[in-house]
1. Just wondering, is there one or more residues in region 74-81 that are touching a residue at least 60 places away in the same chain (Cβ under 8 Å) and open to solvent by less than 50 Å² (accessible area, probe 1.4 Å)?
2. Looking at (1) more than 10 Å from the ligand (Cβ to nearest atom); (2) open to solvent by 30 Å² or more (accessible area, probe 1.4 Å); (3) not aliphatic (A, V, I, L, M), can you tell me which one Q16 breaks?
3. Looking at (1) closer than 26 Å to A79 by Cβ; (2) surrounded by 14 or more Cβ atoms within 10 Å (Cβ to Cβ); (3) not charged (D, E, K, R), find the lone condition where G25 falls short.
4. Which residues, taken from region 9-47, are acidic (D, E) and at pLDDT 95 or above?
5. Scanning region 34-63 for residues that are acidic (D, E) and within 8 Å of the ligand (Cβ to nearest atom), which turns out surrounded by the fewest Cβ atoms within 10 Å (Cβ to Cβ)?
Amino acid sequence: MRLILLGPPGAGKGTQAQVLIEAFGIPQLSTGDILRAAIAAKTPMGLEAKAIMDRGDLVSDDVVNAIVSERLDADDCKAGFVLDGFPRTIAQAEALGEMLDGKDMALDAVVELRADEDTLVERILNRAKESGLARPDDNEEVIRNRLEVYRELTEPLVVFYSNLGLVRSIDGMMAVEEVSAAIKEVLA
Ligand code: ADP
């Protein structure tokens, strides 16, 4: 099963990716997690990405495309994968298409989690507070920028993938278990 989880920050992509890992035995490929690991390890890529991520802007397509292309070659991706946080621009989606063609892989579905913006700001702020693990980009101003970046650059991917017949849209405002059940249903 080769999937993309698409949706704004706070829609629950990471949470639902965990459910898909269990259900299908496939790895989660989160470009955000990989970039945060690079920052923690102070690699050149991490040092370059940090200021951009702290503002809630997007890291360059070249950087994330390279991350994903390399990751897709790992053994654990042979059974499939769930992409979380990638692609985020039309250029990334086009690059992914070429990568997958070159690796003889094809997407099975793009699961879109829909959610309204004001709820998302609240959700992210609450999650940061309750977990005690606020990320540097978890303050209201940066969250609003992340949402705007999503609307302008990432949301157009819904049309892009709809034209390929791949999109399955789900209401991400439901309870976690209900969202999981809905995802499994559309993928069955
Ligand atoms: P969220 O979905 O909550 O915004 P992520 O962990 O997916 O969190 O992303 C955090 C940040 O990492 C983004 O705001 C962006 O700066 C960077 N990032 C992650 N994935 C990508 C990507 N595919 N393209 C560009 N930047 C990315």
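The values are calculated or read from the model by the stated rules, or taken from the named source; none is laboratory data. Model, not experiment: these values are computed from the prediction. With ideal geometry, Cβ positions are generated from the backbone for all residues, glycine too; neighbour counts draw on all protein chains shown. We work out accessible area using only protein heavy atoms, side chains counted, and drop any ligands, DNA or RNA first. Shrake-Rupley method; radii C 1.70, N 1.55, O 1.52, S 1.80 Å.
1. Within region 74-81, one or more residues are touching a residue at least 60 places away in the same chain (Cβ under 8 Å) and open to solvent by less than 50 Å² (accessible area, probe 1.4 Å).
2. (2) is the only condition that Q16 fails.
3. (2)
4. The initial filter retains those residues of region 9-47 that are acidic (D, E), namely 22, 33.
D33, the sole residue that qualifies.
5. Applying the first criterion (acidic (D, E)) to region 34-63 yields 48, 54, 57, 61-62.
In the following step, the residues that additionally are within 8 Å of the ligand (Cβ to nearest atom) were identified as 57, 61.
Working: D57: 14, D61: 16.
Filtering first and then ranking leaves D57.
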